[in-house]
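Everything on this sheet refers to the single structure shown next.
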Amino acid sequence: MPSVSARVMGPATTPCIECLGIATLSSETLSIEPAEYARRRRQLMRMAGDDAVLLIAAAPERMRNADAAWPYRQDSDLHYLAGFPEPDSVLALLPGRKHGEAVLFCRERDAEHERWHGESIGTERAVDAYGMDDAFPIDDIDDILPGMIEGRGRVYCHFGREPEFDARLLSWMRRLRQLRGGGVVPKEFVALGHLLHDLRLYKSRAELKLMRASAGIAAEAHLAAMRMAVAGRHEYEIEAELLRVTHSHGAVPAFPPIVAAGANACVMHYQANRARLRQGDLLLIDAGAELECYASDISRTFPVSGRYSREQRLLYEVVLAAQAAAIDEVKPGRPFDAAHQVAVRVIAEGLCALGLLHGTADTAMADGSYKRFFPAKTGHWLGLDVHDVGDYRVDGEPRLLEEGMVVTVEPGIYVPPSDLSVAERWRGIGIRVEDDVAVIRDGNEVLTHQVPKRADEIEALLASR
């Protein structure tokens with residue numbers, strides 16, 4: 001089994017929030033400039049061709065229960081192309097249109113509506129502040145948009161995602177057919193994601209800046225949670241601390257935090273967050289921040305008591321060695337799945353060396369027996385979505401990594417408490433270590449480096465509580 005010291009370089013330190021250099025982000029204004037959104041739209045329209053129309057609808061408002069709404073979050077594709085934050089809007093991209101290629105349909109300003117719900121952006125500001133060529137009230141879309149579609153050969157859209165928008169789109173097609181003399185109706189509906197989601201894979205400098213900031217906020221939240229995670233507290237109290245720090249920087253959670261104590265960490269997507277923390281438990285925290293719609297995703301596993309037990313530390317060192325080996329594979333020209341393959345190798349070797357698997361690592365990998373303890377993949381794309389868009393395979397082969405892509409690297413070992421095939425001392429131990437890694441020209445950049453992960457560093461941090 002490769003040793004962690006051979007893979008995780010750097011001296012042991014005694015980390016703290018102050019000395020880790022996490023920037024105070026509350027007062028910063030981080031955003032994508034309108035010119036960058038315009039460049040994205042132009043690039044997408046060039047790919048689609050002058051015979052096309054591209055339609056991107058805002059995410060609908062969704063109700064939690066009765067008349068209580070979930071916090072609104074814009075559709076990631078519309079945000080990527082316009083940065084426009086409101087519901088009830090549709091972006092129409094019309095390549096080659098003389099009167100303007102980027103047209104937004106949105107809510108018009110209305111004093112009565114704004115009295116109850118706050119100020120709307122309106123059509124004038126959609127043009128002035130968001131760089132649209134033209135904007136119309138959303139209430140007029142049925143009268144205006146069909147005429148814009150007429151004569152174009154293809155419609156790029158997310159057909160099948162939102163039934164209400166699908167029905168509206170079909171009604172526009174019917175309206176075109178009913179025009180005097182018969183309108184020229186597009187002959188093809190094409191999946192928009194085929195073009196757009198490939199663009200989103202490659203992060204610009206501005207996007208990477210936002211993702212670093214998002215990672216910094218999530219890192220500070222993890223450190224604060226680690227400092228208060230003592231025996232007797234509950235998982236939901238630790239979750240509350242994660243949320244407090246995240247919101248204090250103007251961010252929101254990228255997903256509901258996983259705060260899993262003891263055997264709960266063996267549940268891959270644990271969500272209850274109700275259990276009490278006990279002396280001797282490990283606590284697995286998987287949490288990220290979302291800043292201006294850009295996500296981070298960090299996992300750390302640490303001892304509630306402040307020190308790992310012998311078995312906990314042995315398994316932790318295997319996971320950490322696997323992660324270090326996997327991060328080494330995140331660089332231009334390497335296949336996306338290379339990180340997973342090397343992580344599986346290290347974990348299989350470690351489990352065999354510790355006696356949790358019998359035979360050789362080659363056998364465990366060939367017959368898949370390692371999946372009893374590592375059933376997940378090692379990472380995923382990261383960006384506007386936590387599990388971001390983009391193909392993992394191209395022409396049947398694993399996609400090669402390129403500069404600007406961002407992935408997570410998150411190997412783990414999970415020994416179910418009910419697994420009687422292993423000695424009792426191993427049962428109920430769940431460990432995951434996850435970082436966000438950007439592919440850069442000459443290798444990679446770990447965006448979430450601020451949170452310690454070496455066992456001695458974590459124990460030193462916990463000793464300072």
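Scoring Gln450 on the criteria (1) in a loop (DSSP other than H, G, I, E, B); (2) in contact with a Ser or Thr (Cβ under 9 Å, 6 or more places away or on another chain); (3) closer than 18 Å to Tyr294 by Cβ leaves a single failure, condition (2). The number of residues in segment 375-387 that are within 12 Å of the chain's Cα centre (by Cα) and hydroxyl-bearing (Ser, Thr, Tyr) comes to 0. On the stretch given as segment 65-79, residues that are under 21 Å from the mean Cα position of the chain (by Cα) and either loosely packed, with under 13 Cβ neighbours inside 10 Å or not in a loop (DSSP other than H, G, I, E, B) (or both) total 6.
Yes or no, residue by residue, for (1) at pLDDT below 95; (2) aliphatic (A, V, I, L, M); (3) assigned to a loop (DSSP other than H, G, I, E, B):
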| site | (1), (2), (3) |
| --- | --- |
| Gly10 | yes, no, yes |
| Thr14 | yes, no, yes |
| Ala23 | yes, yes, yes |
| Ser26 | yes, no, yes |
| Glu36 | no, no, no |
| Arg39 | no, no, no |
| Phe84 | no, no, yes |
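Given Leu462, Leu447, which one is aliphatic (A, V, I, L, M) and within 26 Å of Arg278 (Cα to Cα)?
When all the criteria are applied, what remains is Leu462.
Tell me the helices (runs of 4 or more DSSP H) entirely within segment 124-211 that contain at least 1 residues that are under 32 Å from the mean Cα position of the chain (by Cα).
Working: elements: 141-149, 163-177, 193-200.
So the answer is 163-177, 193-200.
Scanning segment 420-447 for residues that are outside any strand (DSSP E or B), buried (at least 17 other Cβ atoms within 10 Å of the Cβ) and among the basic types (Lys, Arg) yields one hit, Arg427. Residues that are exposed (fewer than 13 other Cβ atoms within 10 Å of the Cβ) and either part of a helix (DSSP H, G or I) or among the polar types (S, T, N, Q) (or both) within segment 46-64 comprise just one, Arg46. Beta carbons closer than 7 Å, at least 6 apart along the sequence or on distinct chains, pair a first residue in segment 403-419 that is assigned by TED's automatic domain parsing to the domain that holds Ala325 with a second that is surrounded by fewer than 17 Cβ atoms within 10 Å (Cβ to Cβ) and outside any loop (DSSP other than H, G, I, E, B) for Glu403/Ile440.
For every residue, the table says whether it meets (1) under 29 Å from the mean Cα position of the chain (by Cα); (2) of a type outside the set (A, V, I, L, M, F, W, C); (3) at pLDDT below 95.
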{"position": "Val389", "(1), (2), (3)": "yes, no, no"}
{"position": "Arg393", "(1), (2), (3)": "yes, yes, no"}
{"position": "Glu403", "(1), (2), (3)": "yes, yes, no"}
{"position": "Trp426", "(1), (2), (3)": "no, no, no"}
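Let's see how each residue does on (1) more than 23 Å from His79 (Cβ to Cβ); (2) outside the structural domain of Asp75 (by TED's automatic domain parsing); (3) at pLDDT 95 or above; (4) of a type in the set (Val, Ile, Thr):
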site	(1), (2), (3), (4)
Pro137	no, no, yes, no
Leu145	no, no, yes, no
Arg154	yes, no, yes, no
Cys157	no, no, yes, no
Leu170	yes, no, no, no
Arg175	yes, no, no, no
Arg180	yes, no, no, no
Val184	yes, no, no, yes
His194	no, no, no, no
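Put simply, of Lys187, Lys209, Lys203 the only residue that is out of contact with any helix residue (DSSP H, G or I) (no Cβ under 9 Å at 6 or more places or on another chain) and surrounded by 15 or more Cβ atoms within 10 Å (Cβ to Cβ) is Lys209. Residue check: Lys377 meets all listed conditions (1) in contact with a strand residue (DSSP E or B) (Cβ under 9 Å, 6 or more places away or on another chain); (2) under 30 Å from Ala206 (Cα atoms) but one, namely (1). Taking the numbered list (1) over 30 Å from Thr246 (Cα atoms); (2) touching a residue at least 60 places away in the same chain (Cβ under 8 Å); (3) of a type outside the set (Asp, Glu) in turn, Ala206 passes all entries but (1).
The values are calculated or read from the model by the stated rules, or taken from the named source; none is laboratory data. What you see is a predicted model, and the numbers here were worked out from it, not measured in a lab. All Cβ positions, glycine included, derive from the backbone under ideal geometry; neighbour counts span all protein chains shown.
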